[in-house]
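Worksheet: the structure to be examined is printed underneath.
A short reminder: the numbers here are calculations on the coordinates, not readings from a lab. None of the values given here were measured: they were computed from a predicted structure. Counting neighbours? That spans all protein chains shown, and the Cβs are built from the backbone with ideal geometry, glycine included.
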Amino acid sequence: MAALRERNWLRAKDSPSGSRVSFLELFFDLVFVFSISQLSHALAGHYTPLGALEAGLMTFAVWWVWIFTAWVTNWLDPEKTPVRGMLVVLMLLGLVLSASIPEAFGDKGLLFAGAYVLMQVGRSLFMTFAVRHSGAAHYRNFVRISIWLIVSGVFWIAGGLLEHEARLIAWLIALAIEYAGPASGFAVPGLGKSKAADWDVSGAHMAERCALFVIICLGEAILVAGRTFSELPFSTLTAVVFVTGFVGTVAMWWLYFRFGHERAAHRIEHDATPGGVARQAFTYAHIPILAGIIVHAVAVEFMFSHPHEAGNLGVIASVLGGQALFLAGNLWFKGATTGRPPLSHVGGLVLLIMLAFAAPFAEVYVMGILATLVLIVVAAWEYKSLADGTVKQTAH
């Protein structure tokens, strides 16, 4: 037992495999394929202001439990047996969490909250134990994090025991506590607060982990389009909607992976305070990216089911809102990692706002085509801007 306590469970970051994403981490992510599917179906099935708020809350929760685990596995080595055990337990709890999403505001509220709290608090306590001999700064950081998550956990469990609006309020308070944590340095009276310099992360690992999560979300959008298309009688209109949804998803992939992912990894690897950049670029900026892809998947469903409907501002909000959230998230992400928010994304957001004025008069599938064209324009604009910049730097 003494030998086990002294064993080092941290990654050897100075080795070639130190920043590599392990197969177990990829296996862990499979649970979140189910989560994203459940979230998109929950939003599509309860597409009301209250339903959107509830789906948004659960999206924030799912992202938070995943990104906290990504931070932990940035330090811990998944090839070590205790770390493997921790990830497998988190997978089981994540499956329970995902399965309870459709009834999280119904009969399975306590199940959702209990699984979430066990994942958050259990993982942080495990990390506190794992780093107790690896440096005082890391140890204090995770003691603080555990305290914050225990406090928020009280509100999660209380909300699971309450009903209706009271549950929603309690869970909103819990989320507010958790999301304020990183921004405040997890300040705890008597223990101080964390500093950006304390978070020595592997930029390559963090960038790859978040990229894989984005792939999961994009995959859900592809699956929605394919599944719905296969269930409907073939027609020119369904083919147009199918292609529109597919091209929109590909444009999202292009914008994120062609222009953001690799530069972000490089910036973090060479920054004096990588933890601060990673916190802004990955922990926070990826939230609207994730939300935008989920809303886009819902919009594709609506384009299939209500293609000729005009004037339904709620449906149009999903068609334009998914693209807008995605562009806003990428604007934040790329601005945080390059110091220069791309003008192309600002232009794309302006175009989407202009399209909103035509929403009462245009059919849903037409708005979907126009919104997809906006993404293509943004991608072409950014490609040309970066190509011109490269040429100028080379000439100089």
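Charges at C-beta only: +1 for Lys and Arg, -1 for Asp and Glu. How large is the resulting dipole of region 18-194 about its Cα centre, in Debye rounded to 20?
It comes to approximately 660 debye.
Could you point to the residue in L175, A225, F129 farthest towards the positive end of the chain's charge dipole, with +1 and -1 charges on the Cβ of Lys/Arg and Asp/Glu respectively?
It is F129, whose Cα lies furthest towards the positive end.
For the chain, what are the DSSP H helices with axial Cα length of 18 Å or more and mean Kyte-Doolittle hydropathy of at least -0.5?
TM-like helix candidates: 23-45, 49-75, 81-99, 109-130, 136-161, 164-183, 203-231, 236-253, 286-305, 313-338, 343-356, 364-395.
Scan the chain and hand back the longest stretch that contains none of the GluC sites (Glu not before Pro) lying in DSSP loops with at most 15 other Cβ atoms within 10 Å.
Result, exposed sites excluded: 164-308.
What is the distance in Å between the Cα centres of region 128-171 and region 204-258?
Distance between centres, Cα-based: 34 Å.
For the chain, with the dipole built from +1 on Lys and Arg beta-carbon atoms and -1 on Asp and Glu ones, taken about the Cα centre, which of V33, F333, G311 lies farthest toward the positive end?
So the residue we want is F333.
Could you tell me the extents of the chain's C-alpha atoms along the three principal axes, largest first, rounded to whole Å?
Principal extents (Cα only, largest first): 69, 64, 37 Å.
With charges set only on the Cβ (+1 for Lys and Arg, -1 for Asp and Glu), what does the dipole of the chain come to about its Cα centre, in debye to the nearest 20?
Using Cβ point charges on Lys, Arg, Asp and Glu, the chain gives about 1220 debye.
What is the sum of charges around A285, taking Lys and Arg as +1, Asp and Glu as -1, for the other residues whose C-beta is under 10 Å from the C-beta of A285?
Taking every other residue near A285 into account, the sum is +2.
What whole-number distance in Å separates the alpha-carbon centres of region 53-112 and region 313-376?
30 Å
Can you tell me the dipole magnitude for region 203-395 around its Cα centre, using point charges on the Cβ only (Lys, Arg +1; Asp, Glu -1), in Debye to the nearest 20?
520 debye
State the dimensionless ratio Rg/Rh of region 18-194 (Rg: radius of gyration of Cα atoms; Rh: Kirkwood radius).
Ratio of gyration radius to Kirkwood radius: 0.98.
With the Cα gyration tensor of region 203-395 in hand, give its eigenvalues times 5 under a square root as the equivalent ellipsoid semi-axes, listed largest first in whole angstrom.
Here the semi-axes work out to 31, 18, 14 Å.
Less than 15 Å Cβ to Cβ from G322, Lys/Arg counted +1 and Asp/Glu -1: what total charge do the surrounding residues give? Spell out each step's value before the answer.
Details: positive: none; negative: E220, E301.
My count for the surroundings of G322 gives -2.
Apply the Debye scattering formula to region 117-242, with a single equal point scatterer on each alpha-carbon and no solvent, then give log10 I(q)/I(0) at q = 0.11, 0.18 Å⁻¹.
Relative scattering, expressed as log10 I(q)/I(0), comes to -0.62, -1.04.
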